[in-house]
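No value in this document is a laboratory result; all are computed from the given coordinates. None of the values given here were measured: they were computed from a predicted structure. Cβ sites come from the backbone with ideal geometry, for glycine too, and all protein chains shown count toward neighbours.
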């Protein structure tokens, strides 16, 4: 299987070129309590690449509870799945290489899924009087391409092995081949499910132009999806993989759990070794020594200019001398605390609140070189925001702005280039469940007029809150920074995080 060199264009299923982007940002909902945003950064061909990643969310001050924001942030970084093209040829004798090849096929399925969804969106929003005659064939081609690439990978996995290749690790290798087959089966099921949703909710949605035209071939696409799903479930039965059953919630739960375990098993080969520490915690002893030295210098000068000997007190009462000495000692202690706080603030502004180093795992490079060095800050700042109903009123709304920043240096790697890996992916999740207890009831009764009976009745209206949120990335190269930014609104209620809406 040919792996694309980082920085070169990729070819999608239609033969079109896809130019690699330096940065890809995504913002979404991870679960009912956490917001997730990701940032994928392209590896440099040589040297280093400097970049910054930012995240901001504004929460009304009456809903925000003072806390350590670092406790609610979860972050990790992994390598992107290899980008591969051409005929499939896998290395079955190396488990790690087999995992990367399997992830490369999963990446192909993901690209086919995005292509299918984009095609449906384009057709649904186009203001045309008749559908393009190639639309049906294009959708059918994408579906067939996804099924065929999995079938080709399975042919490679289950190809006969010459007897000379058998060794004591053969059983472990065969087990890994089975896991790769099962993992790709889950990925194919996800692709078929996403394709069916794209047809039902986008291509034939309520506001779709395709639905108004009512083409008959959409049923053929649905039948084709059903046949592909039936064949895949039959394959899973033959290999004794766990299949989903609608009538058994327990089986569905185990099916989802199995899919998550397989994903973690294969993506484990892409995770980087992280070394993190809080800057103020690491340097607190040094800042304490410097602050204590400054306080001691002040106390030494105080003793010199205000002698405390018996002869020096001849013209000063004992009470005045004791009071001045107490004030001097209190000032010394206060100078120590202020100097320590000032030094800690200056160091965190200069070096960040947390230091992060990401190294290549030994399975990729035994020398474990540093791939990413980053400095992170996460602050909660009380500000005044503009009135949402009338901006002429001015800044009157009290909000707390949570701002995360990461400044990083990304190094080039020949090992990753040979492995077909062209970018790294930062994944962040922020927990907002601490404010749920301060929200109003999730449902409120609203009086409406019943047109049939001409009486007042009550309807249950969802009580939702909308907080502005933004993510950004900035590439710093050649003195001209390039900024990528996405603004959105997170919608949540007492029941949890609902969705992300574009700003």
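Put simply, the convex hull of the Cα atoms in the range 351-486 casts, on average, a shadow of 16.4 nm².
Compared with the dominant Cα axis of the chain, that is its longest principal axis, helix 279-305 is turned about 10°. Length gained on full extension, residue 93 to residue 31: 18.5 nm, using 0.36 nm per residue less the C-alpha separation. Between residue 439 and residue 480, the simple label model (points 7 Å from Cα in the Cβ direction) yields a spacing of 4.4 nm. Determine, from the Cβ-Cβ distance of residue 76 and residue 300 and an R0 of 41 Å, the FRET efficiency 1/(1 + (r/R0)^6), rounded to the nearest 0.05. Efficiency for this residue pair is about 0.25.
Summarising the label geometry, the points placed 7 Å from Cα in the beta-carbon direction at residue 383 and residue 427 lie 3.0 nm from one another. If the segment from residue 265 to residue 338 were pulled out straight at 0.36 nm per residue, it would be longer than the present Cα-Cα gap by 21.3 nm. Principal-axis analysis of the Cα atoms of the chain puts helix 249-267 at an angle of about 70° to the longest axis.
How large is the convex hull of the Cα atoms of the chain per residue, expressed in Å³ as a whole number?
On the way: hull volume 145.4 nm³, N = 503.
Looking at the chain, the number lands at 289 Å³ per residue.
Can you give the FRET efficiency for residue 253 and residue 46, using 1/(1 + (r/R0)^6), R0 = 45 Å, r = Cβ-Cβ distance, to the nearest 0.05?
Values: r = 49 Å, r/R0 = 1.08.
Working from the Cβ atoms, E equals 0.40.
Mind checking the full-extension length gain between residue 231 and residue 293? Use 0.36 nm per residue of separation minus the Cα-Cα distance, one decimal, nm. Could you put the intermediate results ahead of the total?
Working: separation 62, 0.36 × 62 = 22.32 nm, distance 7.63 nm.
Working it through step by step, the gained length comes to 14.7 nm.
The distance linking the range 32-84 with the range 373-436 is 6 Å (Cα centroid to Cα centroid, whole angstrom).
Evaluated at 20 °C with a viscosity of 1.002 mPa s, what Stokes-Einstein diffusion coefficient in µm²/s does the range 81-271 have when Rh comes from the Kirkwood expression over alpha-carbon pairs? The partial results should precede the final answer.
Values: Rh = 18.3 Å.
So the translational diffusion coefficient is about 117 µm²/s.
Computing FRET efficiency as 1/(1 + (r/R0)^6) for residue 66 and residue 326, where r is the C-beta to C-beta distance and R0 is 56 Å, gives about 0.95.
Packing here is the average count of other Cβ atoms within 10 Å per residue, and on that basis the peptides 53-65, 450-462, 264-276, 417-429, highest first, run 417-429, 53-65, 264-276, 450-462. The distance between label points at residue 463 and residue 178 comes to 5.3 nm (points 7 Å beyond Cα on the Cα→Cβ vector).
Using a cutoff of 8 angstrom between alpha carbon atoms and counting only pairs six or more residues apart, the relative contact order for the chain works out to 29 percent. Rounded, prolate or oblate, given the Cα gyration tensor of the range 206-255, with a/c below 1.5 counting as rounded? Note, shape of the range 206-255 comes out oblate.
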